[in-house]
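A quick write-up on the structure given underneath.
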Ligand code: PLP
């Protein structure tokens, strides 16, 4: 009998919110087990909420948001986003250069589909937010991973980027602030990456969805503000800064020499029209959200939940023998290193599965972020400290005796 399989286009696609460890956690939940989930950056279930005025704005606008909008979005949202881009120092952005999306996710996919012919190369960080690699691969492109260096606070290794540029390379992706490492890139590194893009005539894609979730004295810089002469696409949205991931609203802005990207922009417009438009009630809140109180502002200051939880998890994890980590400076993720020799770890997915089975805590192995060595995992530190405490204690107890068993 005929069976229906997934497209082979999906064969090499890897994703952090799917996969064997997450599927196994789902199966265990169906059996009635309670799982502590530290695998997804979704603030609302952990008690983070949008500013009241943003919710009110959405409710007030539902009546008038029943129709499709312009495929790029309603005027008021795009004007507010263009002004926001100007406030970040990105010059020359008009409303026509702004596209809203059902989250940044939709726009990343759209950008990859519009750009890549089969075999075209795109430089993507390792570790990455895996949607970038997945969408580039689905579009027929080849994701070439450049290293972010843990020894250098997880900053991109600019020499590695340079070495990996070929005549098929079309673009460089940066994720700043970074998921999964929590790094915030300094201006010098961004300038060096911009120089490479300029020299080799590459597009810069900068995913800045965590730009307002920066801690300590770190300053976030948009790479596009340093490179007005390079064609850049800068992404952001409200999922994280306003803790409203479920409303599905993100955007991208084009900057730099747009006349040189005319053909590409035609492709973007075509794909943007094909999805008709993004969720209109969510577009209606963008102006208020960008002008008003930022939920994230309070969270990332000393005393704020994200800040305090970051401090807690960093100390609790690095106190466990065999675990080290770079302190994250932004977002709500930490990407610790595990001593593979000490625990005989050859397979990070197996480690995450073993930990899940024994302690009912869900972590994502480094592999889920296109990290090639079996020596990292990601923790989402959105849960309250009491839950983080439980997770860290469980990990410490588990590792006290864990030695990975290998198949003969
Ligand atoms: N980019 C990065 C780096 C992310 O971590 C995420 C979500 O976790 C996204 C994009 C997608 O965000 P959105 O909710 O806007 O689709």
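The values are calculated or read from the model by the stated rules, or taken from the named source; none is laboratory data. This structure is a prediction, so every number in the text was calculated from the model and none was measured. In this analysis, Cβ positions are derived from the backbone assuming ideal geometry, glycine residues included, and neighbour counts consider all displayed protein chains.
Selection of segment 205-223 for residues being in contact (Cβ under 8 Å) with a residue 40 or more places away in the chain and within 16 Å of the ligand (Cβ to nearest atom) yields 205, 207, 209, 210, 211, 212, 213, 214, 220, 222, 223. With respect to the stated conditions, residue 285 is more than 21 Å from the chain's Cα centre (by Cα) and within 16 Å of the ligand (Cβ to nearest atom).
Screening residue 106 against (1) in contact with a helix residue (DSSP H, G or I) (Cβ under 8 Å, 6 or more places away or on another chain); (2) surrounded by fewer than 23 Cβ atoms within 10 Å (Cβ to Cβ); (3) closer than 16 Å to residue 236 by Cα leaves a single unmet condition, (1). Checked against (1) within 10 Å of the ligand (Cβ to nearest atom); (2) closer than 18 Å to residue 298 by Cα, residue 235 passes all but a single condition, namely (2). Contact map, segment 34-59: residues that are on the phi > 0 side of the Ramachandran plot paired with residues that are assigned to a loop (DSSP other than H, G, I, E, B) and within 14 Å of the ligand (Cβ to nearest atom), Cβ distance under 9 Å, separation 6+ or inter-chain. Pairs shown: 47/382. So which residues in segment 163-204 are touching a residue at least 60 places away in the same chain (Cβ under 8 Å) and buried (at least 24 other Cβ atoms within 10 Å of the Cβ)? Correct list: 177, 178, 179, 180, 181, 182, 183, 184.
So that you can scan it fast, the table gives a plain yes or no per residue for (1) surrounded by fewer than 18 Cβ atoms within 10 Å (Cβ to Cβ); (2) within 16 Å of the ligand (Cβ to nearest atom); (3) modelled with pLDDT of 95 or more; (4) outside any helix (DSSP H, G or I):
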{"position": "254", "(1), (2), (3), (4)": "no, no, yes, yes"}
{"position": "264", "(1), (2), (3), (4)": "no, no, yes, no"}
{"position": "306", "(1), (2), (3), (4)": "no, yes, yes, no"}
{"position": "320", "(1), (2), (3), (4)": "no, no, yes, yes"}
{"position": "326", "(1), (2), (3), (4)": "no, no, yes, yes"}
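Of all residues in segment 328-356, which are out of contact with any strand residue (DSSP E or B) (no Cβ under 8 Å at 6 or more places or on another chain) and without any contact (Cβ under 8 Å) to a residue 40 or more places away in the chain? Spell out how you get there, then give the answer.
Filtering segment 328-356 down to residues out of contact with any strand residue (DSSP E or B) (no Cβ under 8 Å at 6 or more places or on another chain) leaves 331, 340-344, 346-347, 350, 353-354.
340, 341, 342, listed by residue number.
The one condition from (1) away from the ligand (no atom under 16 Å from the Cβ); (2) within 17 Å of residue 250 (Cα to Cα); (3) touching a residue at least 60 places away in the same chain (Cβ under 8 Å) that residue 105 does not meet is (1).
Listed conditions (1) within 30 Å of residue 383 (Cβ to Cβ); (2) away from the ligand (no atom under 16 Å from the Cβ) are all met by residue 193, apart from (1).
Residues that are over 18 Å from the mean Cα position of the chain (by Cα) and either within 25 Å of residue 110 (Cα to Cα) or within 16 Å of the ligand (Cβ to nearest atom) (or both) within segment 139-181 comprise 139, 140, 141, 142, 161, 164, 165, 166, 167, 168, 169, 170, listed in sequence order.
Which ones in segment 84-96 are more than 15 Å from residue 232 (Cα to Cα) and over 23 Å from the mean Cα position of the chain (by Cα)? Once the filter is applied, which keeps residues that are more than 15 Å from residue 232 (Cα to Cα) and over 23 Å from the mean Cα position of the chain (by Cα), segment 84-96 yields only 95. Residue count for segment 114-130, restricted to those that are within 16 Å of the ligand (Cβ to nearest atom) and out of contact with any strand residue (DSSP E or B) (no Cβ under 9 Å at 6 or more places or on another chain): 1.
For segment 277-304, the set of residues classified as within 18 Å of residue 104 (Cβ to Cβ) and in a loop (DSSP other than H, G, I, E, B) consists of 277, 278, 279, 285, 294, listed by residue number. Pairs are defined by a Cβ separation below 8 Å, a sequence spacing of at least 6 or placement on different chains, a first member in segment 115-144 that is without any contact (Cβ under 8 Å) to a residue 12 or more places away in the chain, and a second member that is assigned to a loop (DSSP other than H, G, I, E, B) and away from the ligand (no atom under 12 Å from the Cβ); no pair meets this definition.
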